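Here is the structure we will look at.
The values are calculated or read from the model by the stated rules, or taken from the named source; none is laboratory data. Source: prediction; values computed, not measured. Cβ placement follows ideal geometry from the backbone for every residue including glycine, while neighbour counts extend to all protein chains displayed.
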Amino acid sequence: MSFRSFLHKHEFLYEAASRIIDPVRALQARIYNRKLAALSTREIMELDAELYKKRTGMDLDWSNLRTYTEIMQWEKIFDRNPMKAVLSDKLAVRDWVSRTVGEAYLIPLIGSWDRYSDIDFGSLPEQFVMKTNHGSSDVVIVRDKSSMTWAEKMRMRRIITTSMRTDYAGSSYELHYSSIRPKIIVEKYIDSGEADLRDYKFLCFNGKPYCCWVDFGRHGDHRRNMYDLDWNLQDWTQNHFPNTDESVPKPEHFDEMVRVAEALCKDFPHVRVDLYNVDGKIYFGEMTFTNGSGFKRFYPDEMNLKLGRLWGISTEIPDLD
């Protein structure tokens, strides 16, 4: 038996096993989602406070929420603005972005599917990016479809199908994610000439971008630079990543990026707007209302309090009885 035939045989076995395993996992996911839905608000608050302590090392006092990460816990549970789910949906948000800033800022969409088995891989281009519309850390970049090994194909399937079964509200109590119907999306591959497509994340408060951070080497020597809107490197960071060793030039058309972020964050007390910049061409990435789920610490600690003051919303707990 040739190696190719061996892989084909195992792929068939994998498909056969998946027909049994996938429904079981889907049932497990539904049971988990029912348990989450059965929790009272008070129970969710207690579980979230335990998780906050575990992730940050700090106690959460619901009666005195002052810092950015503390206020985020209130926002996750009590801000029920339905637009959060719409704009966190990487597929649904496209129409809103098109109407708000223009279709030219969207990465071209190749297709969307409800099930992995529905995808006709033969019709996909040689290069593409696959992910889910509701997931996190589930992006699969395909630079050469023809050269993909069986193991690489199985890895892609595992990442996507696992994400499709996951309710991301349950792991960190970001409740708006439960309202997103999971779908698989494939977008055009944007070649920046670098290992990673550089991501510019704008933290915005009350309709205004405040700062922009850029990650470098996310799959190796991870560095993070924080900049103000004049591209001055800041002396603080989130999640304790060090700065790059060398200075980074201001990207071409950065002022345009700021204008796009401002248009997209309008009318929201807080949101993170992610954009890409490839040779001066600006693309929309995503909108995140619960940055790091409020579990990523700031260094130095006083920035946590400063950003909380920028948010400036009432965090009164409603009557839960």
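Listed values, structure above:
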| quantity | calculated |
| --- | --- |
| When residues of the stretch 218-244 are limited to those that are touching a Ser or Thr at 6+ places or on another chain (Cβ under 9 Å) and not basic (K, R), the one surrounded by the fewest Cβ atoms within 10 Å (Cβ to Cβ) | L233 |
| Failed item, numbered, when R224 is tested on (1) assigned to a loop (DSSP other than H, G, I, E, B); (2) farther than 26 Å from K84 by Cα | (1) |
| Any pair with Cβ under 7 angstrom, 6 or more apart, that starts in the stretch 295-321 at a residue that is within 17 Å of H240 (Cβ to Cβ) and ends at one that is charged (D, E, K, R) and not in a loop (DSSP other than H, G, I, E, B) | F295/R55 |
| Subset of the stretch 261-295 [assigned to a loop (DSSP other than H, G, I, E, B) and in contact with a Lys or Arg (Cβ under 8 Å, 6 or more places away or on another chain)] | F289, T290, F295 |
| Residues located in the stretch 245-262, provided they are surrounded by 15 or more Cβ atoms within 10 Å (Cβ to Cβ) and over 18 Å from the mean Cα position of the chain (by Cα) | V248, P251, H253, F254, E256, M257, V258, V260, E262 |
| Search result, residues across the stretch 296-321 that are within 24 Å of E262 (Cα to Cα) and assigned to a strand (DSSP E or B) | F298 |
| Hits in the stretch 263-273 - residues which are surrounded by fewer than 20 Cβ atoms within 10 Å (Cβ to Cβ) and of a type in the set (D, E, K, R) | K266, D267 |
| Output for the stretch 296-321, where each listed residue is farther than 30 Å from L106 by Cβ, touching a Ser or Thr at 6+ places or on another chain (Cβ under 8 Å) and crowded, with 17+ Cβ neighbours inside 10 Å | R297, F298, N304, G308 |
| Where T288 falls short, out of the listed (1) modelled with pLDDT under 95; (2) under 21 Å from R80 (Cβ atoms) | (1) |
| Any chance S88 is in contact with a strand residue (DSSP E or B) (Cβ under 7 Å, 6 or more places away or on another chain), under 18 Å from A263 (Cβ atoms) and of a type in the set (G, A, S) | yes |
| Qualifying position, being in contact with a Gly (Cβ under 6 Å, 6 or more places away or on another chain) and either of a type in the set (A, V, I, L, M, F, W, C) or free of Cβ contacts under 8 Å to residues at least 40 places away in the same chain (or both), among S163, S146, S136 | S163 |
| Any pair with Cβ under 8 angstrom, 6 or more apart, that starts in the stretch 208-233 at a residue that is in contact (Cβ under 8 Å) with a residue 60 or more places away in the chain and ends at one that is in a strand (DSSP E or B) | P209/F202; P209/L203; P209/V273; Y210/F202; Y210/L203; Y210/C204 |
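To keep it simple, each residue is scored yes or no on (1) of a type outside the set (D, E); (2) out of contact with any helix residue (DSSP H, G or I) (no Cβ under 9 Å at 6 or more places or on another chain); (3) at pLDDT 95 or above; (4) more than 20 Å from P182 (Cα to Cα).
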{"position": "L65", "(1), (2), (3), (4)": "yes, no, yes, yes"}
{"position": "M72", "(1), (2), (3), (4)": "yes, no, yes, yes"}
{"position": "R80", "(1), (2), (3), (4)": "yes, no, no, no"}
{"position": "V93", "(1), (2), (3), (4)": "yes, no, yes, no"}
{"position": "V97", "(1), (2), (3), (4)": "yes, no, yes, no"}
